[in-house]
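Comments concern the structure below.
Where a number appears in this text, it was derived from the coordinates with a stated rule and is not lab data. Given the structure is predicted, the values throughout are model-derived calculations rather than measurements. Note: ideal-geometry Cβ built from the backbone for every residue, glycine included; neighbour counts use all protein chains shown.
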Amino acid sequence: MTRYKTLAHTMAKEIRSGNIPVGARMPSLRHVIAQHGVSQSTASHAYYLLEEWGLVRAQERSGYYVTQGAGIAVDVKRKVRPDFESGKFDISNLVFSVFDAAKHPGIVPLGSAFPSPHLFPLRRLAKSLAQSAKLISPWSTVVDLPPGNEQLRRQIALRYMGIGISQPMEEIVVTNGALEALNLCLMAVTRPGDVVAVEAPGFYAALQAIERLDLRAVEIPVDPVTGLDLDALARALDTHPIKACWFMTNFQNPTGVTLSTEKKKALVELLARNEVPLIEDDVYGELHYQADYPLPARAFDRHGLVMHCSSFSKTLAPGYRIGWAAAGRYTQEVQRLKLMTTLSASIPAQVGIADYLQHGGYDRHLRKVRSALSTQRDLIRIAIRRWLPQAVVRSYPDGGYFIWLEFPDEIDAMALHRLAIAKGISITPGAIFSASRAFRNCIRLNYGHPWSTRIETAIRELGELVPAASRSAASTWSDNASPDIDSN
Ligand SMILES: Cc1ncc(COP(=O)(O)O)c(C=O)c1O
C-alpha cells in the first residue's frame, strides 16, 4: 500500500473508533507531517482520500472536519428516549446513526438493507426504460397521475392473479417505493395520538413513521420461529384503542420468519372482529425459495381491511422507486394522500417497469435470484456456525435475505456494531428494531451479496470481536476507543 493510503487508513480508524468525534477539526497538515514523518504531498493525498470516503470535509481556510456521516461515535444511546409506557419514543437518531456509519464505500455490507445490485437485470431493464420512454404520450403527466400508470397496475394485478388473489387494479395505487405506500396507508387510517400495533422486533421504518406522525406504538412480540404472537395481539386489542396494525407476514424484517397460513387466517379474522385495518408489508414475498409464493394475509381478507404494500425495490429495480399499495376500502384516501404529498411516482420509471414485466422475463429473473439467495443463506449459516459459535440462530428464512442472531445477554450489539465498523464491517444491531430498545444482544445480517472470501473473513473477524463487546469488556474498551458505550 502506498504511504498516503496507509496514513489515510490510520486516520480513518481514529475517526471510526470515535477517538476523533463528529464535527471535530482534524489535525492540521503541518501537524500530520510532523507527527507521521511524511511529506506534504503524502499528507494532502491522505486527506483527499478521507474526503473521498466521506469521512472528512474541507472548510476553506480552516482545515478538515469530521463529517456527520462518519458519525459512529455520536451519542446515540443517550439520544434515544425509550418511554414504552406512553408508547412515545425517539428511534430515528439511533437508526440514522447506525446507517450513516455503515454507508461508506468499501464496508462489508452485512448490515445493509439492500441486496447486491449484481442480482438485478439492470441492462434489460434499461432497454425497457429506453424503449417505453420513446412512446410516452405527452398527456401521460395527466393520465398517469394517481392511482398511476394503467399498464403497470394491470401487470401488478396480473401477478396477484397468478398467485390466486383477485385484486382489482382500481384498488392499486402506485407509489414511490413500498415505504411511501406504507406511510400513506398509515396516514389514511390514523390521527395524531392514535395507537398502532407494530412488531417487536420489527422494521424500524414503522417506528420512524409512528414517531413522525405523532402516534403511539404497542409492540407485539415476534418469535423468530413461530412469528407474531397472536395471543399478545388479542390482549393488546382488548386493552388499547388500536387504530391500525403494521405487520410483515412473509420473511419478516429482521427475523426472516413467515407466519403459517393458519396464523395468517387467524390474524385476518381477529382484526376483522375488531374492525382494525392491517397494513401488510410484503416487500420480500417474491423472494421465496420454495416453489410457491406464501400467500399474504391479503389473500384471506373479505372486508377490504388489509392494505397490501410492496415494491420492485428488493426484486428488480432498487433505484426506480416504484411500489404500490393495494389499499382495499382505503384506496380513495390513499390516492388522495399520494396526490397531496408527492403527486405522482416517476412516469418513465412506471412505464419502463410495466414494459419489463410484460416482455423482460421477470419470472425467469426471479427464479435466478431466489436460487442465489437460498444458496447464500446456506453458506452464511455454515459460516456463522463456524466463526460465530457464540450466536444462537433460531431463524431459518425461506425467503428474503436477512438472518437474525441472538448472542448471550452480556453481549452488547451496539458495541459490536462499533467495533465492526472500525474494522470495515457493517452489521445491524438489534436495538433499532424496537421502540423499547430490547434485543440489545441481537444482530441482523444481510446475506444478499454473492458469497466471497471477503464476507467469510468478515464473519470470522466478527467472531473475534464478540468477546470485546461483552458488557464487562465494554467499560475497559470504552476508555480507549469510544466514550459513549452504555454498559448498563
Ligand atoms: C421491510 C421493509 N419494508 C419496506 C421497505 C422499503 O421498500 P422500498 O425501497 O420499496 O421503499 C424496506 C426496505 O428496506 C424493508 O426492509
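Nearest 500 deg cm²/dmol is fine: what mean residue ellipticity at 222 nm does the chain get from its DSSP H runs of n ≥ 4 alone, each adding -39,500 (n - 2.57), divided by its residue count? Intermediate values should be presented prior to the final figure.
On the way: 18 runs with 208 residues, N = 488.
Computed mean residue ellipticity for the chain: -13000 deg cm²/dmol.
Helix 261-273 and the long axis of the chain differ in direction by around 70°, with both axes built from C-alpha atoms. Note on Y48 and E275: the extension gain reaches 75.9 nm, defined as 0.36 nm multiplied by sequence separation minus the Cα-Cα distance.
Largest first, the three principal axis extents of the alpha carbons in the stretch 3-70 are 29, 25, 19 Å in whole numbers. Think of the chain as a dipole: +1 on every Lys or Arg Cβ, -1 on every Asp or Glu Cβ, centred on the Cα centre; then among I107, I279, L186, I107 lies furthest on the positive end. Against the main long axis of the alpha-carbon atoms of the chain, helix 230-239 sits at an angle near 80°. Kindly provide log₁₀ I(q)/I(0) values, in the same order as q = 0.19 Å⁻¹, from the Debye equation applied to equal alpha-carbon scatterers of the stretch 203-315. One equal scatterer on each Cα of the stretch 203-315 leads to -1.05.
Put in line by how crowded their Cβ is, counting other Cβ atoms within 10 Å and starting with the fewest, S116, S260, S434 read S260, S116, S434. Annotation: extensible slack from T342 through T453 equals 35.7 nm (criterion: 0.36 nm per residue apart, minus Cα-Cα distance). Residues Y447, Y64, arranged from fewest to most other Cβ atoms within 10 angstrom of their Cβ, appear as Y64, Y447.
Rg and Dmax over the alpha-carbon atoms of the chain stand at 23.6, 74 Å. Distant-in-sequence amide contacts of A200, defined by a placed amide H-H separation under 5 Å and a gap of 5 or more residues or a different chain, comprise I220, V222.
Treating only the Cβ of Lys, Arg, Asp and Glu as charged (+1, +1, -1, -1), what charge dipole size does the stretch 122-359 show about its Cα centre? Round to the nearest 20 debye.
760 debye
Annotation: the residues H118, H9, H31, sorted from fewest to most other C-beta atoms within 10 Å of their own C-beta, follow the order H118, H31, H9. Each peptide in 147-155, 382-390 was scored by the mean count of other Cβ atoms within 10 Å over its residues; highest first, the order is 147-155, 382-390.
Starting with the highest mean, order 266-272, 448-454 by the number of other Cβ atoms within 10 Å, averaged over the residues of each peptide.
266-272, 448-454
Charged side chains reduced to their Cβ positions (Lys and Arg at +1, Asp and Glu at -1) give the chain a dipole of some 1380 debye around its Cα centre.
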